[in-house]
Protein chains: 4
Amino acid sequence: MLIVMDQKATPEEVNKVVAAIESKGYTARPIPGGERVAIGILNNEGPVDASLFLGLRGVKDAIPVTRPYKLANREFKPENTIVYVGDARIGEGNLTIIAGPCAIESESQALTIATHVQKAGAHLFRGGAFKPRTSPYSFQGLGEEGLKILKKVRDETGLPVVTEVMDPINFDLVEAYADIVQIGTRNMQNFSLLKRAGRSKRPILLKRGMAATIDEWLMAAEYILEGGNSQVILCERGVRTFVNHSRNTLDLSAVPVIRKESHLPIIIDPSHAAGKRDQVLPLSRAAVAVEAHGLMVEVHHAPEEAMSDGAQSLYPEQFEDLCIQVRSMFDVLHNR
Amino acid sequence: MLIVMDQKATPEEVNKVVAAIESKGYTARPIPGGERVAIGILNNEGPVDASLFLGLRGVKDAIPVTRPYKLANREFKPENTIVYVGDARIGEGNLTIIAGPCAIESESQALTIATHVQKAGAHLFRGGAFKPRTSPYSFQGLGEEGLKILKKVRDETGLPVVTEVMDPINFDLVEAYADIVQIGTRNMQNFSLLKRAGRSKRPILLKRGMAATIDEWLMAAEYILEGGNSQVILCERGVRTFVNHSRNTLDLSAVPVIRKESHLPIIIDPSHAAGKRDQVLPLSRAAVAVEAHGLMVEVHHAPEEAMSDGAQSLYPEQFEDLCIQVRSMFDVLHNR
Amino acid sequence: MLIVMDQKATPEEVNKVVAAIESKGYTARPIPGGERVAIGILNNEGPVDASLFLGLRGVKDAIPVTRPYKLANREFKPENTIVYVGDARIGEGNLTIIAGPCAIESESQALTIATHVQKAGAHLFRGGAFKPRTSPYSFQGLGEEGLKILKKVRDETGLPVVTEVMDPINFDLVEAYADIVQIGTRNMQNFSLLKRAGRSKRPILLKRGMAATIDEWLMAAEYILEGGNSQVILCERGVRTFVNHSRNTLDLSAVPVIRKESHLPIIIDPSHAAGKRDQVLPLSRAAVAVEAHGLMVEVHHAPEEAMSDGAQSLYPEQFEDLCIQVRSMFDVLHNR
Amino acid sequence: MLIVMDQKATPEEVNKVVAAIESKGYTARPIPGGERVAIGILNNEGPVDASLFLGLRGVKDAIPVTRPYKLANREFKPENTIVYVGDARIGEGNLTIIAGPCAIESESQALTIATHVQKAGAHLFRGGAFKPRTSPYSFQGLGEEGLKILKKVRDETGLPVVTEVMDPINFDLVEAYADIVQIGTRNMQNFSLLKRAGRSKRPILLKRGMAATIDEWLMAAEYILEGGNSQVILCERGVRTFVNHSRNTLDLSAVPVIRKESHLPIIIDPSHAAGKRDQVLPLSRAAVAVEAHGLMVEVHHAPEEAMSDGAQSLYPEQFEDLCIQVRSMFDVLHNR
């Protein structure tokens, strides 16, 4: 339930409502809004009796929340969440492009690619230092050395960097280097990791699980929000189906659904969905057409030698062409 | 295998190659192309020995065909197939919009909607006279009366009409009224119906089956092509997955794959994929962004009362907005 | 809704209830039961007002039917449907085994296999004369010649025969030869075919569609029942999923669900589910363990040369072993 | 690649082969077998040249391993792995039954249920102390208090206990109490957790991921084996599909495939697959029929009040009946 306060409600009145909520054994979470304060009621078992609060001074309304997720719910927070990282604003009326290799392989590889993607118009650089790999015998990433290379990329190019964290133990380390911390598909319901992410100061990029429903995905985001970190970016990367001409089936209808149900920004990873290079460009355009807030694209200066895990990286020239095309689609869609 | 003839090969030389193919017990199918003739070899069991034909006069090359479909294969026919219906050209560098109600309910309903969609820019009118229904107790369509109403719509508006056929028995009747004959999702592998469609003079709109791979879909098209009807339009309408926020999961990666593997035009039906009205517009824009050749959209002047089967029809104003948006996306994509 | 009559209700009273139902524009369908008559109300749009009928003489109760299927619903007919074919009784407390090749290839092939499977304990012989094939270039079956061979098998062995029908046009022909007419997976929602099957005197074996829910499957059966043919056998053969170690994923939970929701018998086809020979035996045992009413198994005397379509046939000795194992499991399950 | 040594090969000869393997930059892993030693070659990139080793003294054969998993591969280790826990032997020719509640709720709840399931014939007790929950607002388990209750159950009943671990941080704690440590569905590809499990002294019960292929599942097991822990039990619990009459679709064909491809034991969790109580018994019988090595079943003395997460627990009497039925099926299957 969401208790909506009058515009003129005083801090004292808000505090009294919080106390009334907590006296029932619930958790109260004030949500500062543009014009008024609202207070979310969490951790209730069973329905909450609105009449307990409707009579209190300064209370305007009590709205039942119809979804299992609350903090992630647009009913709770009607305004879009915008994530600010460096010069990038993810979630506002613009298109954020994140690009880079699957894995950081070396300093020269990272800097070469970063220079390419920055020139083409990327706003952030991505690259894995700790890599989740299906096989224990595959390259698992450079670890902290990879993180240091990412720092160097940021220092030299000014691009904020996105990189994946794989467990709560390494979180401090990853957080110290990353501008955005990524939680991967296979960890979407790694609840210990989500709880740790909730205590992070960094924005979290949360990829959708391979067979996750929208509700499960938003509940995973809820873990992070509930821990106190409001900076969550969702990333659709395809779901697993019987279809065999792509690596995963990109579920673009997730974008209008997320935009309706939640205030969190949503971006698309066409590279992992497609698996095949020649599907990346059309799917990127489609992502813009359904009004995703951004794209995350794998790019490599020598794709055939990339230490990748299933996605086929684009050549720099292909990425440049992609940026031009998606920007012109974005502009026409927003009448610019 | 595909036997490619010299540009200057004479009809006599072509005939000799055909005879040589047939003498081996295979079927020869000459394929007239823009600049040269090619001859497809069908009905071979096991591989064909190219050397049998490479020595014949006028033969330039013998190309093994790597997919199970042949006539539907771009290797066989590199040029796009264009389907001409009335003023519409489906498959060329333009965007064809088909719109109308799920079912024809009455003459006034059909004419009202047809007037709306024509004004908004639709090129063809759709409406079901024979309706496949999950339940035997649901409205099964007006039958021949519905076909007569479609004729009236064409007479009054000039819009060509698309309508579904459900079995070989009614094919003659449907064909007599329809400009394009639709084969529905549940009949994609109704091989008797496909064979009958192969003998039709009408273009066939072939919807993808609910769990069909691209290969199975193109093999279904192959049945029609093999019967002698080269006018096939493919229609993606979503596949069945675990996802529950849309009725089906629209598989937009099918478009680049079909465009690469086949010369047949492919359009998108966002209405049956989405199931929900507010997903239709973003998915329509996405369909244009992946370069589908057209859209088929359900529209009704009173959607809440529509005799529909799962798709939610758009209001006429919503469809008008859709046409404006998809046309501007199409234009920017083609630098117009 | 189901109107349940008193045990002592007279035919006259039943007729009056029927008349009352029809006067409301609904269809009345009397269902003779063991001890009392019940009358189903069909073709109502929206809910039916029970009070219209509860006051009539001889009416004991009016039960709302909670599923979209009615005649297929166990609420409508609590007793199991038993299908009698030759000496076989499908649906009673016994295990019916149907076996034979994918396709009838020749008289000697069919008779050889029939002799084998009969000796091993099969109750019916299966074999395709009209074959649905993904490719138009694959062997499509011997047609009427195949049907004549099936007749010969029945004449010589006494085994009733099961064979597939592919369209309404050939139904008369197939029906004239077959003891049970099969409707295949790809035709589960070929509604014209289902309607024709509803007018048949033969029992119908209705395979589950590749992506069909239980509701859709029972609605397909409803088409047949509604047409007047009460002899329907359901056949689970696996559904299409992301799983790639079998051809389809055998959904054995369908058996307890069907047995609860419907009175129709359900059998399992492990051969098409598995795709791989060594999965057929364990899946057959599992089918018995979930209390399927029977099995349909592909057997060939020379499996490597079989004209099959994806299922791998068992060798006769393997089938013999299967029969022994499933019978002993069946016996222990029924305390014999 | 697998280097198979002569039966009479000396330890010195084995060491020389190991050294030869390592000199190429590969990892050598000697695998002690019943009659002879084999040495696995790991961490090779690209194919290994067998001739490098075939000439060495004591080498009998060099077998290429055709699957990405090696230590989990039956080619590597033909004998079944048997996991010994207390009196239970999982993987041998017997049927191991694990039962208990979803979550440990209190000492009296746990002891009540443990007494019931022990009497009915369970070999191990299960119960969650740390619970992965879709919602942050759901009961997350009693934590260490729950582990202490599990210890008490073992002390009082003698039943070994199975409980879930959720992250590397708590692993030491869980390991100190559990006889078998469970890694849940949502953590199947939590590689940090898998690596920690590889260093554990406890057997690991590894559940299949919701959309995992057999290869991915065995690769997850490979992480544990590669870390040095050879005691892995696989647990199939249903995969996510479009099917909506059960919570997940139990993929029983996984059992014959795992038994063929791997030496690891595989058990079935019918409770989480079914979701519905009345499917648990038939699916348990089916699990025995496909020759799973055991069952893991949710049981609660008051199922309607159970703090469960989707599976419906059985009543103790239902579980007793289940044990009787599955044992008699097991006996007939093994001619006892």
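The values are calculated or read from the model by the stated rules, or taken from the named source; none is laboratory data. Just so you know, these numbers come straight off a predicted model, no measurement behind them. In this analysis, Cβ positions are derived from the backbone assuming ideal geometry, glycine residues included, and neighbour counts consider all displayed protein chains. For accessibility, only protein heavy atoms count, side chains too; no ligands or nucleic acids. Shrake-Rupley method; radii C 1.70, N 1.55, O 1.52, S 1.80 Å.
Think of each Lys and Arg Cβ as +1 and each Asp and Glu Cβ as -1; about the Cα centre, that makes the dipole of the range C:2-63 roughly 100 debye. Note on residue D:107/residue A:84: beta-carbon distance plugged into 1/(1 + (r/R0)^6) with R0 of 60 Å gives a FRET efficiency of 0.75. Overall, the accessible surface of the protein assembly as shown at a probe of 1.4 angstrom is composed of carbon and sulfur to the extent of 47 percent. Counting only other chain Cβ atoms within 10 Å of each residue's Cβ, the peptide D:276-286 averages 6.
For the residues A:234, A:295, A:252, a GNM of chain A with alpha-carbon springs under 10 Å puts the largest fluctuation on A:252.
Can you tally the net charge around residue C:150? Count Lys and Arg as +1, Asp and Glu as -1, for every other residue whose Cβ sits under 14 Å from the Cβ of residue C:150. Net charge in that neighbourhood comes out at -2. Position residue B:305: other-copy label points at 5.5, 6.8, 7.0 nm, ordered by increasing distance, label point 7 Å along Cα→C-beta. Ligands, DNA and RNA are left out, and with a 1.4 angstrom probe the accessible area of chain A is 36 Å² per residue. When the square roots of the Cα gyration tensor eigenvalues are ordered a ≥ b ≥ c, the ratio a/c for chain C is 1.5 or more and a/b exceeds b/c, which makes its shape prolate. Under a Gaussian network description of chain D, with springs only between Cα atoms under 10 Å, the residue in D:191, D:319, D:130 that fluctuates furthest is D:191.
Each Lys and Arg adds +1 at its Cβ and each Asp and Glu adds -1 at its Cβ; summed about the Cα centre, the protein assembly as shown shows a dipole of about 0 debye.
Ranking C:95, C:275, C:25 by Cα position along the charge dipole of chain C, where only Lys, Arg, Asp and Glu carry charges on their C-beta atoms, puts C:25 farthest toward the positive end.
Applying a DSSP loop filter and a limit of 16 other Cβ atoms within 10 Å to the GluC sites (Glu not before Pro) in the range D:54-153 leaves D:79, D:92.
Expressed as a fraction of 2.2 N^0.38 Å, the C-alpha radius of gyration for the range C:2-63 is 1.00. A simple spin-label model places the labels of residue A:331 and residue A:19 5.9 nm from each other, with each point 7 Å out along Cα-to-Cβ. Between their Cα atoms, which of A:70/A:131; C:8/C:77; B:131/B:260 are more than 25 Å away from each other? Flagged as over cut-off: A:70/A:131; B:131/B:260.
For the rotation that carries chain D onto chain A, the axis lies closest to a Cβ at D:211, 2, where the number is the distance in whole Å.
Entry note, chain D: the mean residue ellipticity at 222 nm calculated from DSSP H runs of n ≥ 4, each adding -39500 (n - 2.57), is -10500 deg cm²/dmol after division by the residues and rounding to the nearest 500. To the nearest 10, the accessible area of residue D:259 is 80 Å² with a 1.4 Å probe. Rounded to the nearest 20 debye, the dipole magnitude of the range D:1-117 is 400 debye, with +1 charges on Lys and Arg beta carbons, -1 on Asp and Glu beta carbons, and the Cα centre as origin. When only alpha carbons of the range D:105-160 are considered, Rg and Dmax amount to 12.0, 36 Å.
Across the range B:204-336, the convex hull enclosing all Cα atoms gives 116 Å³ per residue. From the label point of residue D:46, set 7 Å from Cα along Cα→Cβ, how far away are the matching label points in the other copies, in nm, ordered shortest to longest? For residue D:46, the inter-copy label distances come out at 3.7, 6.9, 7.5 nm. Positive contributions from Lys and Arg (+1) and negative ones from Asp and Glu (-1), summed over other residues with Cβ under 12 Å from the Cβ of residue A:236, come out at +2. With a simple spin-label model that places each label point 7 Å from the Cα along the Cα-to-Cβ direction, the separation between residue D:61 and residue D:304 comes to 6.2 nm. Placing a label point 7 Å from the Cα of residue D:172 along the Cα-to-Cβ line, the residues of the range A:152-195 whose backbone N sits under 15 Å from it are A:169. Each other copy holds its own label point for residue D:87; taking that point as 7 Å from Cα along Cα to Cβ, the gaps run 4.8, 7.3, 8.7 nm, nearest first. Select from C:246, C:51, C:308 the residue whose mean-square fluctuation is largest in a Gaussian network model of chain C (Cα-Cα springs shorter than 10 Å). Highest fluctuation among the options: C:51. When A:133, A:36 are compared by accessible surface with a 1.4 Å probe, the order from highest to lowest is A:36, A:133. Positive contributions from Lys and Arg (+1) and negative ones from Asp and Glu (-1), summed over other residues with Cβ under 15 Å from the Cβ of residue C:188, come out at +1. Residue ranking by accessible heavy-atom surface, 1.4 Å probe, largest first, among B:115, D:241 comes out as B:115, D:241.
The calculated FRET efficiency for the pair residue B:156 and residue A:8, based on their C-beta separation and a Förster distance of 56 Å, comes to about 0.40. When the alpha carbon gyration tensor of the protein assembly as shown is reduced to an equivalent ellipsoid, the three semi-axes, largest first, read 46, 41, 39 Å. Over all directions, the projected convex hull of the C-alpha atoms in the range B:252-313 averages 4.4 nm² in area.
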